[in-house]
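The values are calculated or read from the model by the stated rules, or taken from the named source; none is laboratory data. From a predicted model like this one, the values you see are computed outputs, not experimental measurements. Please note: Cβ atoms are built from the backbone with ideal geometry, for glycine as well, and neighbour counts cover all protein chains shown. For the accessible areas, the whole protein counts, side chains as well, though only heavy atoms, and no ligand, DNA or RNA atoms are used. Shrake-Rupley method; radii C 1.70, N 1.55, O 1.52, S 1.80 Å.
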Amino acid sequence: MNVKYLIITAISFSLLIIACNDSPQKNPQKEEATITIPFFNKDSAFQFVKNQTDFGPRVPNTAASLQCVQYLIATLQKYCDTVYVQPFQSRAFDGSIINGKNIIGAFNPEKTKRVFLASHWDSRPFADYDSNPENHQKAIDGANDGASGVGVLLEIARVIQKQRPNVGIDIVLFDAEDYGPTHDMQKQNSENYWGLGSQYWAANPHLFGYKAAYGILLDMVGDKNARFYKERLSQYFAPQIVEKVWNTAAKMGYSNYFIDADGGYITDDHYFVNEIAKIPTIDIIHYDASPESNHNFVYYWHTMEDNIEKIDPTTLNVVGNVVLQVIFEEK
Ligand code: AHN
Ligand code: ZN
């Protein structure tokens, strides 16, 4: 075989290879599969939860609450481009004045397409569902009810600092979500005594005219056996976001946590954001559909048992990864 023939053969082979490489047309599905999300460290997320409960119950107007808010601000300042602290005053169901603080951490403030991720950082002043009546006036640690969602969001903030999605992200930590009347009190319009921080933020966003494409609220996302049903108000206000999140979870193999079935109507922070700020917002919330539960939440909800021992890093990991996948798929 002469050299000339060899070279020609080599060239034709290379062309063939180039042609073959080029032949499968890029399709959107293929591009989706190549998205790499940053590594969510479940132990780090757990530590973020524990750091909050270590202050004790984060009840508004208490020393523990002041210490925790300083910790949350300092932590977000490490990771975010800009942090806003939003002080507010609200009247509680018992007539007292609550001094609250919402905290907002912004990534890429220059981006106009934005998604916000929210959770409440306060904990409930009353363990009014505790089996022991002596505890009904005691404040709860709120490891699951409050701290779990914040822990996931702080870990998301830590990892997106170095690897950013295409959209701007705002981490919104609401205060005074859980200062609602005790369940034995009959109060008119009692739902308006919940979500005091989110009501304030929805009516007075940290930036004038603030808009986001949508929002995702995390509430009680730390239990070992967490089950996230499609919450009804989320489906009413933001059905396409519910589908996006539950479909993403299914693709990732997490249908055992993100159940493809209806939950209940829950007056959580997302209700006020939808109603007042008109930003489509969903709630990823652990819902207990079993008939034994008299409040549709996990059995230790609003009891002294809602402590760090209830938190499973695996659940934090599932929720963190689903949220990351959703925001990294945004164009
Ligand atoms: C009630 O159902 C009264 N509140 C739901 C919101 C909530 C309370 N989330 C955590 N604690
Ligand atoms: Zn609660």
- Message: For the range 94-114, which positions are within 16 Å of residue 198 (Cα to Cα), in contact with a helix residue (DSSP H, G or I) (Cβ under 7 Å, 6 or more places away or on another chain) and open to solvent by less than 10 Å² (accessible area, probe 1.4 Å)?
- Response: 98, 100, 102, 103, 105
- Test set (1) hydrophobic (A, V, I, L, M, F, W, C); (2) assigned to a loop (DSSP other than H, G, I, E, B); (3) within 21 Å of residue 256 (Cα to Cα) - residue 322 fails condition number: (2)
- Task: Kindly establish whether residue 124 is buried (at least 24 other Cβ atoms within 10 Å of the Cβ) and assigned to a loop (DSSP other than H, G, I, E, B).
- Result: yes
- Query: How many of the residues in the range 76-131 are small (Gly, Ala, Ser) and away from ligand 2 (no atom under 16 Å from the Cβ)?
  - Reply: 6
- Task: Kindly check whether there is at least one residue in the range 227-243 that is surrounded by fewer than 17 Cβ atoms within 10 Å (Cβ to Cβ) and within 13 Å of ligand 1 (Cβ to nearest atom).
- Result: yes
- Note on the structure: If we keep only residues of the range 186-195 that are open to solvent by 10 Å² or more (accessible area, probe 1.4 Å) and within 12 Å of ligand 1 (Cβ to nearest atom), then the residue nearest to residue 303 (Cα to Cα) is 194
- Task: Just give me the residues in the range 257-285 being touching a helix residue (DSSP H, G or I) at 6+ places or on another chain (Cβ under 9 Å) and farther than 19 Å from residue 172 by Cα, in sequence order.
- Result: 257, 258, 259, 260, 262, 263, 264, 265, 266
- Residue hits (the range 135-169; within 16 Å of ligand 2 (Cβ to nearest atom), surrounded by fewer than 24 Cβ atoms within 10 Å (Cβ to Cβ) and in contact (Cβ under 8 Å) with a residue 60 or more places away in the chain) are 135, 138, 139
